[in-house]
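Below you'll find the structure, written out as structure tokens, and then a few comments.
The values are calculated or read from the model by the stated rules, or taken from the named source; none is laboratory data. Worth saying up front: this structure is predicted, and the values here are computed from it rather than measured. Please note: Cβ atoms are built from the backbone with ideal geometry, for glycine as well, and neighbour counts cover all protein chains shown.
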């Protein structure tokens with residue numbers, strides 16, 4: 001069966017959440033948003049492309065930072081309303097220069113930074 005990106009369930013703004021996970025380690029790196037065109041571009045190029053809600057434009061991960069995400073496999077959840085991007089991440093995934101955007105843990109009622117910026 002051929003995949004049609006339009007068959008996904010997008011929200012009222014035409015977006016779907018996309019979780020980026022390191023294909024080798026399983027580490028969850030970030031969450032961003034895609035529209036139907038970003039999904040199609042990602043599948044076509046192998047470079048993960050998101051939709052920037054703040055800039056209202058496409059955002060090819062690593063285009064300006066050099067911290068490229070290469071698509072290994074795209075997975076759909078059971079409801080077709082969320083994507084899992086298994087990727088190869090070059091450098092940090094987070095704009096704060098950390099490996100993952102999930103660098104703050106809640107431990108015993110306190111926020112604890114569990115990851116420092118890279119390099």
Query raised in the report: So, in the stretch 11-66, of the ones that are part of a loop (DSSP other than H, G, I, E, B) and surrounded by 18 or more Cβ atoms within 10 Å (Cβ to Cβ), which residue ends up farthest from the chain's Cα centre (by Cα)?
Result: 35
Report task. Inspect all residues belonging to the stretch 78-86 and state whether any of them is touching a helix residue (DSSP H, G or I) at 6+ places or on another chain (Cβ under 9 Å) and loosely packed, with under 13 Cβ neighbours inside 10 Å. Result -> yes
Query raised in the report: Do any residues in the stretch 17-37 that are over 13 Å from residue 69 (Cα atoms) have Cβ atoms under 6 Å from those of residues that are surrounded by 15 or more Cβ atoms within 10 Å (Cβ to Cβ) and at pLDDT below 95, where the two are at least six apart or on different chains, and which pairs are they?
Result: 36/5
Query raised in the report: residue 103 is checked against (1) at pLDDT 95 or above; (2) surrounded by 19 or more Cβ atoms within 10 Å (Cβ to Cβ) and fails just one. What number does that condition carry?
Result: (2)
